[in-house]
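Participant: Dumping the structure here so I can ask a few things about it.
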Amino acid sequence: MDTNEKLIEIKNVEFLYESTEEPGGSRVLKDVSLDIKKGEFLAVLGHNGSGKSTLAKHLNAILVPEKGSVLVAGFLTSDESLLYEIRQRVGMVFQNPDNQLVATIVEEDVAFAPENLGVNPQEIRERVDYALDAVNMSEYKEHAPHMLSGGQKQRIAIAGVLAMKPDVLVMDEPTAMLDPEGRREILETVKKLNRDEGMTVVMITHFMEEAAQADRVVVIDHGKIIMHGLPKEVFSRVEEIKEIGLDVPQATELAYLLKKEGFDFETDILTADECVNKILSVYQSERGADND
Amino acid sequence: MLKDITLGQYFPGKSFIHKLDPRTKILCAIVYIAVIFCIKSFLGYFVLFAFTALIVALSKIPVRFVLKGLKPIMMFVAITALFNLLLTDGRILWKWGFLKITYEGLTQAVYMVLRLFFLVFGTSILTLTTSPIALTDGIERLLSPLKKIGVPAHEFAMMMTIALRFVPTLLEETDKIIKAQTARGADFESGNIINRAKAMVPILIPLFISAFRRADDLATAMECRCYRGGENRTRLRELKLGYRDGVCWFVVLIFSALILLANYFQVSGLL
Ligand SMILES: Nc1ncnc2c1ncn2[C@@H]1O[C@H](COP(=O)(O)OP(=O)(O)OP(=O)(O)O)[C@@H](O)[C@H]1O
Ligand SMILES: [Mg+2]
């Protein structure tokens, strides 16, 4: 995040699905503006139907804005001649790993995108090996996807887009269908890519604990960005978040409740560790006060 | 569990036969089948048997795997043999009431059985030694000259690949739906045929809906991975003809010639 270079610029985007067009029907995206910086890990929150997936699909020109514009690495998504320039820069991973894998062998699946891009066979080989290594799935390269666990399949899906050598990884609820173990695997993988490879990550999620680990959080409600900032900043506004039907991380929730009970707590607590330390220090200072 | 059904019957290995280009194997299998139907003497079948045995030995596939392919067709073979045996006219060898066995009928029946057996051997060896991916690749490449006259070779291969990929997923899903409906008291086992067919409806409808949703998701995922049809597409594994393919064709042609020659050495009265 040391560079402040903008990778994706979303400017005043408005969008309405044609199939639902009805007079006076409200838009799915309303005047959305957002910059995504190189190397950052951005989490997008919002309750069901708030327009998160619609926004994600604007990032690689699956959808184009009705008004406003989206620039990816300087390329305008509404320019059809740039379609594949844009799509190979924005790797998109979806919720259900089963519905993203094309081939019957893991490495053949990972090779799918570079094959489509017309990359030569030796380089495809290199990219496949690199991508499988990056998600720690090299040993499974000759397995059939349907024999793998959900988390493993989702890692293959990530490898499948990494093989395009994208600038940014956009993930639409990648952990929603996984068990806790699979969720942990995916989050670890994504954090590692972000930290070690400098991969820019945009992750849509319903899990606040996942969002808490991002560099920045954006909250969408009814197609509008209503909050953005550091996870600490966003989650400390506990009441506003609850108002739009979202949760805060458990540790923040506890801090919030303790604060309401009159303890000396701030709601800028995100993790269990922070919470434990804070409780200890509050407990000790209260005991100190009692002893006096 | 339905999931345990293996698709195709690929038997992974690194033998000479496994390493052949799939195009060679597909074409050789076609030649093999054509030859089966040209054989007119037992000597020919003997040479064919020697050839088949050689291939099986080279492929290092356990013989029982090759023989397993015969199981599902045994009934069919038996019926065909019986018809040929009893309904062919000619020199009568045995007669009982209206049933008769003729010399020609006997020969015909034995030929028929041998043909069907070898047909199964030939195709089994092909599918046992060639992975589904290699098979579809081979078919795509073999059909690609026909692209000029509008045969959608790439699309056809892509469809096969996706079908192969999704069969286990959909089987698993069917399993889940059956369990879910059974838990709600659905009964798939009793009643007459019509009732049983009706009982399938609550399985098929959710299955179809889910299949369409999957297809939609998959299409989006493929677009996201820059899929745009077969044009300018490269492959991770390029198909390359090697010295093995040359050797294979040489052997196949020699044997075919021998087998066809054997037709002229038919010893009359030899059974
Ligand atoms: N293909 C479509 N055609 C018409 N309307 C759609 C389509 N996809 C989504 N919508 C509508 O657009 C709105 C926003 O949908 P979107 O999928 O972006 O929400 P989301 O925030 O991703 O929700 P979720 O958390 O359930 O994934 C919803 O009201 C939805 O009904
Ligand atoms: Mg969504």
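The values are calculated or read from the model by the stated rules, or taken from the named source; none is laboratory data. Because the structure is a prediction, the values reported are computed rather than measured. With ideal geometry, Cβ positions are generated from the backbone for all residues, glycine too; neighbour counts draw on all protein chains shown. Protein only, heavy atoms only, side chains kept; ligands, DNA and RNA dropped before computing areas. Shrake-Rupley method; radii C 1.70, N 1.55, O 1.52, S 1.80 Å.
Participant: Exactly one condition in (1) within 8 Å of chain B (Cβ to nearest Cβ); (2) free of Cβ contacts under 8 Å to residues at least 60 places away in the same chain; (3) surrounded by 22 or more Cβ atoms within 10 Å (Cβ to Cβ); (4) closer than 19 Å to A:Ile8 by Cα is not met by A:Thr77; state its number.
Facilitator: Here A:Thr77 meets the rest and fails (1).
Participant: Considering (1) within 14 Å of another protein chain (Cβ to nearest Cβ); (2) of a type outside the set (Lys, Arg); (3) open to solvent by 40 Å² or more (accessible area, probe 1.4 Å), say which one B:Thr182 fails and leave the rest.
Facilitator: Tallying (1) within 14 Å of another protein chain (Cβ to nearest Cβ); (2) of a type outside the set (Lys, Arg); (3) open to solvent by 40 Å² or more (accessible area, probe 1.4 Å), B:Thr182 fails exactly one: (1).
Participant: Considering only the stretch A:248-263, state which residues are at pLDDT below 85 and either part of a loop (DSSP other than H, G, I, E, B) or within 19 Å of A:Asp221 (Cβ to Cβ) (or both).
Facilitator: Result: A:Glu261, A:Gly262, A:Phe263.
Participant: Out of the residues in the stretch B:234-247 that are open to solvent by less than 50 Å² (accessible area, probe 1.4 Å) and in contact with a Leu (Cβ under 9 Å, 6 or more places away or on another chain), which is farthest from the other protein chains (Cβ to nearest Cβ)?
Facilitator: Selected residue: B:Asp245.
Participant: Shifting gears a bit: Of the residues B:Thr80, B:Thr52, B:Thr88, B:Thr102, only one is touching a Phe, Trp or Tyr at 6+ places or on another chain (Cβ under 7 Å) and among the polar types (S, T, N, Q); which?
Facilitator: Exactly one residue qualifies, and that residue is B:Thr52.
Every residue, every condition in (1) within 15 Å of ligand 1 (Cβ to nearest atom); (2) not assigned by TED's automatic domain parsing to the domain that holds A:Tyr130, yes or no:
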{"residue": "A:Ser19", "(1), (2)": "yes, yes"}
{"residue": "A:Lys52", "(1), (2)": "yes, no"}
{"residue": "A:Thr104", "(1), (2)": "no, no"}
{"residue": "A:Glu108", "(1), (2)": "no, no"}
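Participant: Right, next: Kindly provide the set of residues from the stretch A:69-98 that are in a loop (DSSP other than H, G, I, E, B) and of a type in the set (A, V, I, L, M), ordered by number.
Facilitator: Within the stretch A:69-98, A:Ala73 is the sole residue that qualifies.
Participant: Looking at (1) open to solvent by 50 Å² or more (accessible area, probe 1.4 Å); (2) within 11 Å of chain A (Cβ to nearest Cβ), find the lone condition where B:Phe250 falls short.
Facilitator: (2)
Participant: What about A:Tyr84, is it of a type in the set (Phe, Trp, Tyr), more than 16 Å from the chain's Cα centre (by Cα) and more than 9 Å from ligand 1 (Cβ to nearest atom)?
Facilitator: The answer is yes for A:Tyr84.
Participant: Considering only the stretch A:22-33, I want to know if a residue exists there that is open to solvent by less than 30 Å² (accessible area, probe 1.4 Å), among the small types (Gly, Ala, Ser), under 30 Å from A:Lys141 (Cα atoms) and free of Cβ contacts under 8 Å to residues at least 60 places away in the same chain.
Facilitator: No, the stretch A:22-33 contains no residue that is open to solvent by less than 30 Å² (accessible area, probe 1.4 Å), among the small types (Gly, Ala, Ser), under 30 Å from A:Lys141 (Cα atoms) and free of Cβ contacts under 8 Å to residues at least 60 places away in the same chain.
Listed here are the residues, each with its yes/no results for (1) open to solvent by 30 Å² or more (accessible area, probe 1.4 Å); (2) part of a helix (DSSP H, G or I); (3) aliphatic (A, V, I, L, M).
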{"residue": "B:Thr107", "(1), (2), (3)": "no, yes, no"}
{"residue": "B:Tyr111", "(1), (2), (3)": "no, yes, no"}
{"residue": "B:Arg115", "(1), (2), (3)": "yes, yes, no"}
{"residue": "B:Leu119", "(1), (2), (3)": "yes, yes, yes"}
{"residue": "B:Gly122", "(1), (2), (3)": "no, yes, no"}
{"residue": "B:Ala134", "(1), (2), (3)": "no, yes, yes"}
{"residue": "B:Asp137", "(1), (2), (3)": "no, yes, no"}
{"residue": "B:Lys148", "(1), (2), (3)": "yes, yes, no"}
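Participant: Anything in the stretch B:30-44 that is in contact (Cβ under 8 Å) with a residue 12 or more places away in the chain and either in contact with a strand residue (DSSP E or B) (Cβ under 8 Å, 6 or more places away or on another chain) or open to solvent by 10 Å² or more (accessible area, probe 1.4 Å) (or both)? List them, or say none.
Facilitator: Within the stretch B:30-44, B:Val31, B:Tyr32, B:Ile33, B:Val35, B:Phe37, B:Cys38, B:Lys40, B:Phe42, B:Leu43 qualify.
Participant: Need the failing condition index for A:Phe15 against (1) more than 16 Å from ligand 2 (Cβ to nearest atom); (2) surrounded by fewer than 22 Cβ atoms within 10 Å (Cβ to Cβ); (3) under 26 Å from A:His222 (Cβ atoms), just the number.
Facilitator: A:Phe15 satisfies every listed condition except (1).
Participant: Of all residues being within 13 Å of ligand 1 (Cβ to nearest atom) and either of a type in the set (Asp, Glu) or open to solvent by 10 Å² or more (accessible area, probe 1.4 Å) (or both) in the stretch A:34-50, which is farthest from A:Leu187 (Cα to Cα)? Just the residue, please.
Facilitator: Looking at the filtered set, the residue picked out is A:Gly49.
Participant: Looking only at residues that are more than 9 Å from ligand 2 (Cβ to nearest atom), in contact with an Asp or Glu (Cβ under 7 Å, 6 or more places away or on another chain) and assigned to a loop (DSSP other than H, G, I, E, B) in the stretch A:49-68, which one is nearest to the other protein chains (Cβ to nearest Cβ)?
Facilitator: The residue in question is A:Ile62.
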